[in-house]
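These notes concern the structure reproduced below.
The values are calculated or read from the model by the stated rules, or taken from the named source; none is laboratory data. As the structure is a prediction and not an experimental result, all values here were calculated from the model. A quick note on method: Cβ atoms are made from the backbone with ideal geometry, for glycine too, and the neighbour counts reach across all protein chains shown. Each accessible area value is taken on the protein alone, full model and side chains, heavy atoms only, with ligands, DNA and RNA left out. Shrake-Rupley method; radii C 1.70, N 1.55, O 1.52, S 1.80 Å.
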Amino acid sequence: TLYLAIIFLIIANTVLSVQFLMQQQRSGRRYRILSNLGATYEMLCHSARRQIRWYFALPVGVAVLSSFFGVKALLTGMLPSNLQEKMFTIFAIAVTVILVLCVVECIYLLAVMRVSDRHIHELMQVRREEE
């Protein structure tokens, strides 16, 4: 089950990353227009990074919140009576796993930001060569 969860996490993050980067590539013309209007490379990167944060934060935030309440409901409703006294420890382990998954999400987020910055840099280079 853990193996499948990790595979699903990697696939979901990859799909989100590719989807955002493809959308950014399709909107390259918009970045060029903003550049022509006076937006600097730093401004464009800042805007793209903010979009990436929201793009990843919304589903991850909902998943973390859902996981927190799901684990709590699972432990209070289905935990055998002999483990009831260890519920706090088990809950702490579950929260730790959720936090580790959040760290993995942050790593993906940073990787997508880096690729996005490279793409914007390439767009700015093309613009400079055209001038």
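Residues that are β-branched (Val, Ile, Thr) and within 15 Å of Arg114 (Cα to Cα) do occur in segment 1-17, at least one of them.
If the condition is being modelled with pLDDT of 85 or more, farther than 24 Å from Val18 by Cα and surrounded by 12 or more Cβ atoms within 10 Å (Cβ to Cβ), then segment 96-131 contributes only Val97.
Rundown of residues vs (1) at pLDDT below 90; (2) surrounded by 14 or more Cβ atoms within 10 Å (Cβ to Cβ), yes/no style:
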{"position": "Val15", "(1), (2)": "yes, no"}
{"position": "Arg26", "(1), (2)": "yes, no"}
{"position": "Arg50", "(1), (2)": "no, no"}
{"position": "Ala73", "(1), (2)": "yes, no"}
{"position": "Thr76", "(1), (2)": "yes, no"}
{"position": "Lys86", "(1), (2)": "yes, no"}
{"position": "Ala94", "(1), (2)": "yes, yes"}
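The residues of segment 1-10 that are under 12 Å from the mean Cα position of the chain (by Cα) and open to solvent by 50 Å² or more (accessible area, probe 1.4 Å) amount to a single one, Ile10.
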